[in-house]
Amino acid sequence: MTKLIIQIPCLNEAETLPGTLQDLPAHIPGIDVIETLVIDDGSRDQTSEVARAHGVTHVLRFRRRKGLAAAFMAGIDASLKHGADIIVNTDGDNQYAGRDIARLIEPLLAGRADIVIGDRNIRDLAHMPGHKKLLQRLGSWVVRQVSNTTVPDSTSGFRAYTREAALRMTIVSEFSYTLESIIQAGKKRMAIAHVEIGSNPRTRPSRLFDSIFNYLKHSTATIVRIYAMYEPLKIFTYIGGTLFLFGFIVSLRFVWDYFTTGGFGHIQSLIFAAVLMIVGFQVALIGLVADVISGTRKLLEDLLYRVRAMELRESRDAKSDTPSELNR
Ligand SMILES: Nc1nc2c(ncn2[C@@H]2O[C@H](COP(=O)(O)OP(=O)(O)O)[C@@H](O)[C@H]2O)c(=O)[nH]1
Ligand SMILES: [Mg+2]
């Protein structure tokens, strides 16, 4: 039996949630059971009530707002506990075409991928402003470079995960999970596929993209942080090496002067070169320390994966009737 759980992280989506739910498919070839899960991130409107009234299978509510990344991970956790074989994430603003879920999960059912990301084809999106398109495409390009993947639309919230891929995911960002999960999946060498999907006309302005400055700040911080987490030695060696090399070149000039004219009056450049070389060396050493720490992180991630898998196996064996209403 194959179970699909469609999870929808929501912050004040009472108005658009019914439309989103209506668009979800009732049957998909190759899937036996379809369930829905709404994660209500401490909404101040009637999101949870609306979800229940519209027959959502599981409602998870935070008493106060924890942010999209936390809501996403709580959803993944809950979906796994409810026995999902495939987890699809979509937005509560009915942005993505629910009917495309069948196409989205096809690579998973065929065993071709661990993760599938819905590609909005941003270039041809009629209802997105030009500057936002440009930023999104630039961002996606950077993410492709650092993650070694070919994901065309990295901020898309329309995604599908196999149970195994969901079990392996650990998100540490608070703002959003989208970029981090792609870089992580790339570094873990998971098979990531993408399919073109349709999107509906906008129902409201984006909550995540409030201003260019904030968006850039969050995205850059996430990319640098997560990349440094997975490739610390590379990043720090580049930075340290550049500083050291620059210092070394300056020091050559001093050595040259020392042997030709005695080096008088070049103390500044000597100090400058020495400082650069010392700093460069220290930065490279930090990289070494970070690399050791990142090794520990890999062990911890593996441990977490095994513990989660064990927990889930136990709770399945215990077969207590799982409450579909959880409060955190
Ligand atoms: N849990 C939670 N969900 C959020 C938050 N902000 C946005 N969302 C949800 O995340 C999804 C995507 O948000 P949206 O504003 O459409 O962003 P965009 O599609 O990336 O422009 C929607 O389902 C929102 O309800 C938040 O702070 N917490
Ligand atoms: Mg949206």
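For the pairs K188/K234; K132/K234; K188/K298; K66/K133; K187/K234, note any where the Cα-Cα span goes beyond 21 Å. Before the final figure, lay out the partial values.
Values: K188/K234 17 Å; K132/K234 31 Å; K188/K298 10 Å; K66/K133 28 Å; K187/K234 14 Å.
Pairs exceeding 21 Å: K132/K234; K66/K133.
What number does the chain give for Rg over Rh if you use C-alpha atoms and the Kirkwood radius? Don't jump to the answer; show the numbers that get you there.
Details: Rg = 24.4 Å, Rh = 22.1 Å.
In the chain, Rg relative to Rh is 1.11.
Per residue of the chain, what 222 nm ellipticity follows from adding -39500 (n - 2.57) for every DSSP H run with n ≥ 4, rounded to the nearest 500?
-17500 deg cm²/dmol
If you keep only loop residues by DSSP, which GluC sites (Glu not before Pro) in segment 174-218 have at most 14 other Cβ atoms within 10 Å of their Cβ?
Passing sites in segment 174-218 are E174.
Zone of A126 (label point 7 Å along Cα→Cβ, backbone N under 17 Å): which residues in segment 81-96?
Answer for segment 81-96: 95-96.
Using a 10 Å cut-off around each Cβ, can you sort S315, S181, S154 from fewest to most neighbouring Cβ atoms? Don't skip to the answer; put the middle values down first.
On the way: S315 14, S181 29, S154 25.
Placing the least packed residue first, the sequence is S315, S154, S181.
In segment 110-174, if the dipole is taken from +1 on Lys/Arg beta carbons and -1 on Asp/Glu beta carbons about the Cα centre, which of V146, L125, A160 is farthest to the positive end?
My answer, from the dipole projection, is L125.
Suppose R0 equals 30 Å; then what is the FRET efficiency for A318 and R52 from their Cβ-Cβ distance, rounded to the nearest 0.05?
Calculated value: 0.70.
Within 10 Å of each candidate Cβ there may be at most 13 other Cβ atoms; applying that plus a DSSP loop requirement, which trypsin sites (Lys or Arg not before Pro) in segment 259-319 survive?
Passing both the DSSP loop test and the Cβ count: K319.
We did not get these values from a lab; they are worked out from the coordinates using the rules stated. Predicted, not measured: the structure shown is a model, and the values here were computed from it. Note that we place each Cβ from the backbone using ideal geometry, even for glycine, and neighbour counts take in every protein chain shown.
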